[in-house]
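Below is one structure, written out as structure tokens; comments come after it.
Just so you know, all these numbers are worked out from the coordinates, no wet-lab data involved. Just so it is clear, the model here is predicted, and its values are computed rather than measured. With ideal geometry, Cβ positions are generated from the backbone for all residues, glycine too; neighbour counts draw on all protein chains shown.
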Amino acid sequence: MISVEALTIFTDEHGLVRNVSFEVGEGERVGLIGESGSGKSLTASALMGLLPEGLRATGSITFHGKQLIGTSERELSQLRGRDMAMVFQEPMTALNPLMRVGRQVAESVRLHTRRSRRQAKALAEELLDSVGLPGTGGRYPHQLSGGQRQRVLLAIALANDPALLICDEPTTALDVTVQAQVLDLILAGVAERSAALLFITHDLAVVARVCERLLVMHEGSIVEEGSTREVLTNPRHDYTRRLLAASDLEAA
Ligand SMILES: Nc1ncnc2c1ncn2[C@@H]1O[C@H](COP(=O)(O)OP(=O)(O)OP(=O)(O)O)[C@@H](O)[C@H]1O
């Protein structure tokens with residue numbers, strides 16, 4: 001469904017992500033792990049066509065057979081939020097602080113589908129119900145907890161039934177019990193839609209729970225790839241072994 005080949009991301013001076021290749025199949029849940037600075041977020045931004053100013057990507061990213069590298073911003077913005085959507089670590093930066101959250105969910109629906117205001121509002125309420133936030137559409141982001149804001153972002157990301165959901169450290173800023181709740185909602189949300197999931201984290205306990213397959217990044221490259229079980233029980237790359245030793249994950 002999404003296929004990345006020889007993706008390289010660089011500034012004028014140097015490469016930040018080098019020659020990265022992987023695929024995510026329909027409905028597959030893949031974890032992208034690696035320590036801070038290894039290039040996980042940049043890889044995700046390249047998939048979404050949202051690389052920061054000053055960075056360029058070469059190689060190939062095909063989504064449902066369509067080449068995304070070099071595609072116009074206009075076309076990319078049609079894909080984003082409709083066919084692929086993303087949930088970030090810090091929901092406050094992705095939400096509009098001045099708009100009620102129900103309206104933000106409804107706008108995401110209306111941006112990509114022909115629905116009346118009233119239909120979009122009803123769907124927004126359903127989506128907020130489905131992430132365990134019934135009756136909160138009238139609130140502003142600052143009136144919600146971090147976990148609730150993250151659930152609003154999830155509702156927005158799932159609003160148009162994307163084929164691919166990318167989550168970049170979606171639960172890192174949350175405390176452990178809320179983390180589990182949000183992870184369950186992400187899993188339920190993708191399962192209901194048969195959507196694929198690319199899940200970025202440095203938390204191995206989280207990927208063990210969420211992902212079927214893992215990609216391990218180190219210094220801008222993918223150094224290991226395999227089923228979650230394989231990678232966590234029998235890591236081949238020295239870096240993955242160190243990552244496992246540094247985590248508090250019990251042997252799976
Ligand atoms: N806009 C930018 N300009 C120059 N360098 C950048 C830019 N954004 C990121 N980098 C560098 O690229 C490398 C990879 O960054 P990236 O954010 O992808 O790492 P990451 O694995 O997601 O880390 P984290 O887990 O901390 O988010 C880092 O060395 C970072 O400093």
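Odds and ends about this structure:
- With at most 14 other Cβ atoms within 10 Å, longest stretch of the chain clear of loop trypsin sites (Lys or Arg not before Pro) (DSSP): 116-235
- For the chain, the Kirkwood estimate of hydrodynamic radius, built from reciprocal distances between every pair of different alpha carbons, is 18.6 Å.
- Mean ellipticity per residue at 222 nm, deg cm²/dmol - from DSSP H runs of n ≥ 4 across the chain, formula -39500 (n - 2.57): -11500 deg cm²/dmol
- Helix 146-158 axis, angle to the chain major axis (alpha carbon atoms, nearest 10°): 90
- Binning the alpha carbon pair distances of the range 21-94 at 10 angstrom intervals from zero yields the distribution 15, 52, 32, 2, expressed in whole percent.
- Point-to-point label distance, Glu225-Arg139, nm (Cα→Cβ direction, 7 Å offset): 4.1
- Within the range 2-246, DSSP assigns beta bridges of which about 50% are antiparallel (rounded to the nearest 5).
- Angle between the chain longest axis and helix 176-193 axis [Cα atoms, degrees, rounded to 10]: 80
- Note on Arg242/Gln119: beta-carbon distance plugged into 1/(1 + (r/R0)^6) with R0 of 41 Å gives a FRET efficiency of 0.20.
- Placing dummy labels 7 Å off each Cα toward the beta-carbon, the span from Gln78 to Leu111 is 1.6 nm.
- Take the Cα of Glu126, go 7 Å toward its beta carbon, and the backbone nitrogen atoms of the range 146-164 under 15 Å from that spot belong to 155-156, 158-162.
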